[in-house]
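What follows draws every value from the coordinates through simple rules; no lab data is involved. Owing to the predicted nature of the structure, the values given are computational and were not obtained by experimental measurement. Every residue, glycine among them, receives a Cβ derived from its backbone with ideal geometry; neighbour counts consider all protein chains shown.
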Amino acid sequence: MKIIDDDLIDRLVGEAQASPRLRRNFNIHDSYEDPCQRLLNAVEPGSYIRPHRHLEPPKSETFVLLRGRIALLVFSGEGAVENQIVLGAGANCADIPAGTWHGLIALDSGSVFFETKPGPYIPLSDKDWAPWAPAEGTPEAAAYLRELQKTVESGLLTTDH
């Protein structure tokens, strides 16, 4: 049995803050082969999570916010932000249908969410990364993240959920 408590979450947040990628996950499932992948994700502001989808094989995923605030962005196939939901601002859970382009932006330091999706875990292939979003670690990614942050901060998009 694995217990998710404040000590585990605090440790995970510290590891995310010390990580060059500004995020860290903790797998609750025992194996990448498990039919249900369950994990904690600690994400700090400034971490770039490249927009992606889970299409082949189709997998929906569910996020439950445990601490902080995170903006969930939903994109069109062309890369336009269609919707944003701030988890932690009246909504603490989101279920994303398979094949939906999405990304996340941490709004508060110490943000942590629980994620679950069908297994087994198969690393994303190039076709699952949004072709209109720059690859992680590139100068273009930093500029793109700043633009997404401005979109979230503007609050001009619908936040219906």
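List of remarks:
- Between the residues SER109, ALA94, ILE4, the greatest Cα displacement towards the positive end of the dipole of the chain, with unit charges on the Cβ of Lys, Arg, Asp and Glu, is found for SER109.
- Estimated FRET transfer efficiency when R0 is 35 angstrom, pair GLU15-GLU153 (beta carbons, to 0.05): 0.85
- The C-alpha atoms of the chain occupy a region whose extents along the principal axes are 42, 33, 32 Å, arranged from largest to smallest.
- Backbone N within the range 88-124 under 17 Å of label point (7 Å from ASP6 Cα along the Cβ vector): 110-112
- Placing +1 on the Cβ of every Lys and Arg and -1 on the Cβ of every Asp and Glu, with nothing else charged, gives the chain a dipole about its Cα centre of roughly 120 debye.
- Neighbour cut-off at most 15 other Cβ (10 Å), DSSP loop, GluC sites (Glu not before Pro), the range 46-149: GLU78, GLU136
- Phi angles across the range 27-41 convert, under the Karplus curve 6.51 cos²θ - 1.76 cosθ + 1.60 with θ = phi - 60°, into 3J(HN,Hα) values of 6, 8, 5, 7, 8, 5, 7, 3, x, 10, 8, 9, 8, 9, 10 Hz, Gly and Pro given as x.
- Simple Cβ-charge dipole of the range 64-128, Lys/Arg +1 and Asp/Glu -1, about Cα centre, in debye nearest 20: 220 debye
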